[in-house]
Amino acid sequence: MVLLILLVTWVVFGSAPIGAAQHPSTFQPEGQVFGPYATTSSAENSVAFPLAEEDSMILQGEVLRIVSVLEGPLIVSYVAILVTQVVTGPDSLLGTEILLQHLGGEVNGVLLWLSDQPYFAVGETVEVKVRQEGNVYVPVSPKKTLATPTNVLATAAGYLLQWYKPGTGWMTSTTRPGADWYGPLKWSSGGFEYWINTQGIPSDLSGSSFVTYATACFQTWEDDLGSSVDFTYRGTRTDTVPEQQDGINLVGWGLIGGSTIALTSYWGVYSTGNYDSLRITETDIKFDSSKLWSAQPSGVAGRFDVQNIGAHEAGHTFGLADLYESADSEQTMYGYADLGETKKRTLEWGDLAGVAALYPSTGGYTVSFLTYPASGMITADGVLKTNGETGTYASGARVHVVANPPPGCSFSYWEASGVSVDSTSSAETYMTVSNNGWLKAYFAQAQQYVLHVQSSPVTGVSISYSGSYSGSGNTNFDVGPKSSSFTVTLNAPSTYGTYRFSHWTLDGSNMGSSPSLTVAVDDSHKDRTAVAVYVSGGLGETISTVFSDTTVALGFMETGNIYDDSGIGFIYAHRSPPKILFTKTDTTRVFATGQPTWLGYTHLVAVGGRLANPTTKYYEDLGSAPLKFAGNGTHAVVMKGSEIELIVSWSSLNSANDYFVMEAITDGTHKVIILWGMTQWGTYASGIYFDGKFTDLASLGDGWYIVRWQDLNANTVPDYPTEFTVVASGA
């Protein structure tokens, strides 16, 4: 699944304008910084100490204060945390005060919020995974809130609104966190006009189809009779782009990269002392042009659906926040999305309740009827309501409601928002309507244990299982639900059509490349999901496609290292024009972080390890590269996820014995072919191996290879094929 990021920039007004905010689009993230390298220049990848993830620690503590300062074009916050527990890391930190640094905050009335950064509230208790950099600590992964300040109210399931308190920070909640919090964030007018810019649209989408399905995103919300939100489409224009503070609400395209599918940015104001004055003044949506997209009546496998993603982003434009709880996964505002997914096109009960809370309908109040589990029902004034159905009632209406439990369950309690019930513990009671809202009946359910067996990106794969239960099924299917815990071993086939098995994931974690996976479904994990991940095509097929497609240009990047550039010379000769050769310092072709700009070329060949080649480092740190260098001062180590694929001592590597990696990476519609050695001799040998193997690419059926070169005849020259041996390969 892929995270949908909301990017927010505020210009804060008191009684008079203060000034313009620094826009977050000016920030260009730097690559991961490591310490001094501890071996000779011949080591392509060795480092003196463990990688950043290995240096991290997990701490729990109370947020004491937050100080924000302006550093260059950015606002940076320093969060003082009193450490109350050291989960992992040095015990000496217990009872001390650490300073955590992150982007975002408020300086002199200018406020910057980037949703991919953690944000904190004074008084909350948090768990953070951090890494020390000098005298400060920086976050490695999102924070966990263990306890909120006493003046912060718990949020209700279904929708979240946005609130802000100067000096304390941001909060998402269905209700005001405290009397002195500004919000909820919304438009004063109840809607806005917007334009569409089709420049930069992917070549396989038409401008007209994008306009059709982009406008449908807004229309979905406007068609809700339970709210008064209103949008006006003004047409297309090309004189501005998203993320510009220019007074124009715009939907358009741009390069985002990474796992982000699309982002929404907006600007707003509030008046000091008027806690209901938090208002949006401008908003933009940007779709990532590097992803694969579809704009059709139904979803397309392997592509993100414009209307599906756009409906979610449209919800941000008028004030709704992301949801990340699994119970909210069916809501349009759920913050993750899948390829081919279309369920966000249709608003669910929480979405309807959220937009109605911000922009109430002028013709009565809408109440959503909800049950947990979803198979329960509610009778309202004699009308049977299934989970998610709604009803419209006059203000002050008294409605007779009855909770109807599903088989095997009994009524537990009522929960409500915008309405009230005479008794929360009686299955039969009366509801009083005072606003748009929802009524939810909870039912007690007998314990159930279930394992969801799935495959990706293909389905219909026959997977067998044995253990507590035996059988087989075609994905996607369930083992269970069962009334007691069980353990089974799943077995996936090595191939499925043109696809090859790559690895299992269990509850989102990579479990390795073995086709067999043993899963325990017990009281600690009653509902589990195992996914068999398959990949198509091998390295040889990828190379053949990239080198034979002369309808697009192929880029070749030099590092300036004589061994790297000699290696790429052997490869460059096999490609017919159009092709371009450029250096790693050419900022028109590659960013300083190593991320390709894709300007003037569609695919890329790069040679050299992460120390010499920033693009190798970029894709390894991003997690896109199949293999990653993880060596230390004594050994060269190559990892695939958590598995070691190669470990050799540095002392064994020399001008007559070395190893190198060949791999391919998919970056949206682009392919990146990378070769790198443990030392410079391996990198040089990789180019000769590629040159000799080019006429036999069909034999490279796996996705990656680790190859050993030995100078068997002592002539100091790599001789193909007698001196090369494949030592490891995989998907």
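The values are calculated or read from the model by the stated rules, or taken from the named source; none is laboratory data. The model shown is predicted, which means the values in this text are computed figures rather than measured ones. Here the Cβ positions follow ideal geometry from the backbone for every residue, glycine too, while neighbour counts run over all protein chains shown.
Scanning for something surrounded by fewer than 24 Cβ atoms within 10 Å (Cβ to Cβ), farther than 14 Å from D564 by Cα and either of a type in the set (G, A, S) or modelled with pLDDT of 95 or more (or both), does the range 691-698 turn up at least one residue? Yes, the range 691-698 has at least one match. Of all residues in the range 577-605, those satisfying the criterion of being in contact (Cβ under 8 Å) with a residue 40 or more places away in the chain and either buried (at least 20 other Cβ atoms within 10 Å of the Cβ) or more than 14 Å from D667 (Cα to Cα) (or both) are F591, A592, T593, G594, Q595, P596, W598, G600, Y601, H603, L604, V605. Of all residues in the range 242-277, which are over 30 Å from Y618 (Cβ atoms), of a type outside the set (G, A, S) and buried (at least 17 other Cβ atoms within 10 Å of the Cβ)? Hits for the range 242-277 are I248, N249, W267, V269, Y270, Y275. Counting only residues that are surrounded by 13 or more Cβ atoms within 10 Å (Cβ to Cβ), free of Cβ contacts under 8 Å to residues at least 40 places away in the same chain and in a helix (DSSP H, G or I), the range 548-576 holds 1 of them. Of the residues making up the range 192-221, those that are surrounded by 18 or more Cβ atoms within 10 Å (Cβ to Cβ) and closer than 30 Å to T272 by Cβ are F192, Y194.
Considering the conditions (1) farther than 30 Å from A357 by Cβ; (2) surrounded by fewer than 17 Cβ atoms within 10 Å (Cβ to Cβ); (3) among the hydrophobic types (A, V, I, L, M, F, W, C), L225 is excluded by exactly one of them, (1). The residue list Y336, Y365 contains one member that is over 23 Å from the mean Cα position of the chain (by Cα), surrounded by fewer than 24 Cβ atoms within 10 Å (Cβ to Cβ) and among the hydroxyl-bearing types (S, T, Y), which is Y365. Scanning the range 538-564 for residues that are among the small types (G, A, S) and either closer than 15 Å to D696 by Cα or within 25 Å of the chain's Cα centre (by Cα) (or both) returns G538, G540, S544, S548. G388: out of contact with any Leu (no Cβ under 6 Å at 6 or more places or on another chain), more than 23 Å from S329 (Cβ to Cβ) and surrounded by fewer than 18 Cβ atoms within 10 Å (Cβ to Cβ), yes or no? So G388 does not fit the description; no. Residues that are on the phi > 0 side of the Ramachandran plot and in contact with a strand residue (DSSP E or B) (Cβ under 8 Å, 6 or more places away or on another chain): does the range 341-363 have at least one? Among the residues of the range 341-363, not one is on the phi > 0 side of the Ramachandran plot and in contact with a strand residue (DSSP E or B) (Cβ under 8 Å, 6 or more places away or on another chain), which makes the answer no. Being crowded, with 17+ Cβ neighbours inside 10 Å, closer than 24 Å to T597 by Cα and either modelled with pLDDT under 90 or not hydrophobic (A, V, I, L, M, F, W, C) (or both): is that true of D305 here? Here the answer is no, as D305 does not meet what is asked.
Evaluating S514 against the criteria (1) in a loop (DSSP other than H, G, I, E, B); (2) farther than 30 Å from K640 by Cβ; (3) modelled with pLDDT under 90 leaves one unmet condition, (2).
Residue by residue, here is whether (1) assigned to a strand (DSSP E or B); (2) more than 17 Å from A356 (Cα to Cα); (3) over 38 Å from the mean Cα position of the chain (by Cα); (4) not charged (D, E, K, R) holds:
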{"site": "T371", "(1), (2), (3), (4)": "yes, yes, no, yes"}
{"site": "T379", "(1), (2), (3), (4)": "yes, yes, yes, yes"}
{"site": "V399", "(1), (2), (3), (4)": "yes, yes, yes, yes"}
{"site": "P406", "(1), (2), (3), (4)": "no, yes, no, yes"}
{"site": "W414", "(1), (2), (3), (4)": "yes, yes, no, yes"}
{"site": "T424", "(1), (2), (3), (4)": "no, yes, yes, yes"}
{"site": "V433", "(1), (2), (3), (4)": "yes, no, yes, yes"}
{"site": "G437", "(1), (2), (3), (4)": "yes, no, no, yes"}
{"site": "L451", "(1), (2), (3), (4)": "yes, yes, no, yes"}
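Conditions tested, residue by residue: (1) within 26 Å of the chain's Cα centre (by Cα); (2) within 22 Å of A337 (Cβ to Cβ); (3) among the basic types (K, R).
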{"site": "G226", "(1), (2), (3)": "no, no, no"}
{"site": "R234", "(1), (2), (3)": "no, no, yes"}
{"site": "T238", "(1), (2), (3)": "no, no, no"}
{"site": "D246", "(1), (2), (3)": "no, no, no"}
{"site": "L255", "(1), (2), (3)": "yes, yes, no"}
{"site": "S259", "(1), (2), (3)": "yes, yes, no"}
{"site": "A262", "(1), (2), (3)": "yes, yes, no"}
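Applying the selection to the range 457-469, what residues are touching a strand residue (DSSP E or B) at 6+ places or on another chain (Cβ under 7 Å) and either polar (S, T, N, Q) or part of a strand (DSSP E or B) (or both)? Scanning the range 457-469 gives S462, I463, S464, Y465, S466, G467, S468. Look at R528 and say whether it is of a type in the set (K, R) and under 30 Å from H574 (Cα atoms). The answer is no for R528.
Taking the conditions exactly as written (at pLDDT below 75, touching a helix residue (DSSP H, G or I) at 6+ places or on another chain (Cβ under 6 Å), more than 30 Å from V661 (Cβ to Cβ) and not charged (D, E, K, R)), does L74 satisfy them or not? Here the answer is no, as L74 does not meet what is asked.
Working carefully through the options S472, S536, S485, find the one that is modelled with pLDDT under 90 and touching a strand residue (DSSP E or B) at 6+ places or on another chain (Cβ under 9 Å). After applying the criteria, what remains is S536. Selection of the range 420-443 for residues being of a type in the set (S, T, N, Q) and surrounded by fewer than 22 Cβ atoms within 10 Å (Cβ to Cβ) yields S420, S423, T424, S425, S426, T429, T432, S434, N435.
As for the range 669-685, it holds no residue that is basic (K, R), buried (at least 19 other Cβ atoms within 10 Å of the Cβ) and out of contact with any strand residue (DSSP E or B) (no Cβ under 7 Å at 6 or more places or on another chain). Restricted to the range 137-167, and to residues there that are crowded, with 23+ Cβ neighbours inside 10 Å and in a loop (DSSP other than H, G, I, E, B), the residue that is modelled with the lowest pLDDT is G158.
When restricted to residues that are among the polar types (S, T, N, Q), in contact (Cβ under 8 Å) with a residue 24 or more places away in the chain and not in a loop (DSSP other than H, G, I, E, B), the range 381-397 contains 2. Listed conditions (1) over 30 Å from G701 (Cβ atoms); (2) in contact with a Gly (Cβ under 9 Å, 6 or more places away or on another chain); (3) not hydrophobic (A, V, I, L, M, F, W, C) are all met by S426, apart from (2). Which one is surrounded by the most Cβ atoms within 10 Å (Cβ to Cβ), of the residues in the range 339-362 that are hydrophobic (A, V, I, L, M, F, W, C) and under 23 Å from F411 (Cβ atoms)? Taking the candidates together, the pick is A353. Has the range 225-236 got at least one residue that is of a type in the set (V, I, T), out of contact with any helix residue (DSSP H, G or I) (no Cβ under 9 Å at 6 or more places or on another chain), farther than 13 Å from A214 by Cα and part of a loop (DSSP other than H, G, I, E, B)? No; the residues of the range 225-236 include none that is of a type in the set (V, I, T), out of contact with any helix residue (DSSP H, G or I) (no Cβ under 9 Å at 6 or more places or on another chain), farther than 13 Å from A214 by Cα and part of a loop (DSSP other than H, G, I, E, B).
Among the strands (runs of 3 or more DSSP E) confined to the range 631-731, the ones with at least 2 residues that are of a type outside the set (A, V, I, L, M, F, W, C) and without any contact (Cβ under 8 Å) to a residue 60 or more places away in the chain are located at 657-667, 704-710, 724-730. Pairs meeting the criteria (first residue in the range 90-106 and surrounded by fewer than 17 Cβ atoms within 10 Å (Cβ to Cβ), second residue aromatic (F, W, Y), beta carbons under 6 Å, at least 6 apart or on different chains) are L99/Y78.
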